[in-house]
Amino acid sequence: MPDEDQTVGVPDEVVHAVGRITIAAGELELVLAVIAGMETGGNAFAILAKPGEPLRAARLAVRAMRALYREAFEPVVESAAALLARRHAVVHAMLINEAPDQVAGDWRLLHYKTYERQPADVSTLGTLGAQVMKTRNHLVQVLTAKINNQAPGFDSR
């Protein structure tokens, strides 16, 4: 009988990678909510409480900013949008295999709406988690510059 705390059959590395993506995306959405809240006078936690709202509200807030900050924020917010969509495709997928003795590298993520299958590759999942955190860090850099009334000082690519 498997331990109740373990996912049956799914390799621990895959479970950990998906968990890191989930945590990183939560941090990214928090920063998006803070950006939106600071710009609009709204409550970042109220924004964060609504699914999808941090990204939508941050996009609106960025559009209303001075050109200097808008130009720094926009590409990073759009990168965040793409990464959050990828996170969604991972976190809202079922881990499947077609043979009970399938090796770890052969697990697949099956998205429940699109039926899209993708490998549950630990390296790819790890890269996604790292990209989400890098984007979060870029947003924090630009936000910090804005708070300090300084020019953003990094390449937004």
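Selection of region 38-60 for residues being in contact (Cβ under 8 Å) with a residue 12 or more places away in the chain and within 19 Å of the chain's Cα centre (by Cα) yields 44, 45, 47, 48, 53, 54, 55, 57, 58, 59, 60. Across region 35-76, the qualifying residues are those that are part of a loop (DSSP other than H, G, I, E, B) and of a type in the set (A, V, I, L, M, F, W, C), and the one among them that is farthest from residue 152 (Cα to Cα) is 49. Between 31, 18, 14, the distinction of being among the β-branched types (Val, Ile, Thr), open to solvent by less than 60 Å² (accessible area, probe 1.4 Å) and within 24 Å of residue 147 (Cα to Cα) belongs to 31 only. Within region 8-28, residues that are free of Cβ contacts under 8 Å to residues at least 24 places away in the same chain sit with their Cβ atoms under 6 Å from residues that are surrounded by fewer than 17 Cβ atoms within 10 Å (Cβ to Cβ), at 6+ positions apart or across chains, in these pairs: 8/2; 15/7. If the condition is being out of contact with any Asp or Glu (no Cβ under 8 Å at 6 or more places or on another chain) and open to solvent by 70 Å² or more (accessible area, probe 1.4 Å), then region 64-76 contributes 66, 68, 71, 74. Modelled with pLDDT of 90 or more and surrounded by 15 or more Cβ atoms within 10 Å (Cβ to Cβ) - does that describe any residue in region 99-107? No, because not a single residue in region 99-107 is modelled with pLDDT of 90 or more and surrounded by 15 or more Cβ atoms within 10 Å (Cβ to Cβ). Considering the conditions (1) without any contact (Cβ under 8 Å) to a residue 12 or more places away in the chain; (2) assigned to a helix (DSSP H, G or I), residue 149 is excluded by exactly one of them, (2). Within this structure, residue 79 fails the test of being out of contact with any Ser or Thr (no Cβ under 7 Å at 6 or more places or on another chain), among the polar types (S, T, N, Q) and either in a helix (DSSP H, G or I) or open to solvent by 60 Å² or more (accessible area, probe 1.4 Å) (or both).
Of the residues making up region 129-147, those that are closer than 12 Å to residue 28 by Cβ and charged (D, E, K, R) are 134, 136.
Only one of the numbered conditions (1) open to solvent by 20 Å² or more (accessible area, probe 1.4 Å); (2) more than 18 Å from residue 72 (Cβ to Cβ); (3) not polar (S, T, N, Q) is violated by residue 24, and that is (1).
Okay, residues lined up against (1) over 19 Å from residue 22 (Cβ atoms); (2) open to solvent by 70 Å² or more (accessible area, probe 1.4 Å):
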site	(1), (2)
110	no, no
118	no, no
122	no, no
130	no, no
138	yes, no
141	yes, yes
146	yes, no
149	yes, yes
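The values are calculated or read from the model by the stated rules, or taken from the named source; none is laboratory data. Please read these numbers as outputs of a predicted model, since none were measured by experiment. Glycine gets a Cβ as well: all are built from the backbone with ideal geometry, and neighbour counts include every protein chain shown. Quick note on the areas: whole protein, heavy atoms, side chains included, nothing else; ligands and nucleic acids left out. Shrake-Rupley method; radii C 1.70, N 1.55, O 1.52, S 1.80 Å.
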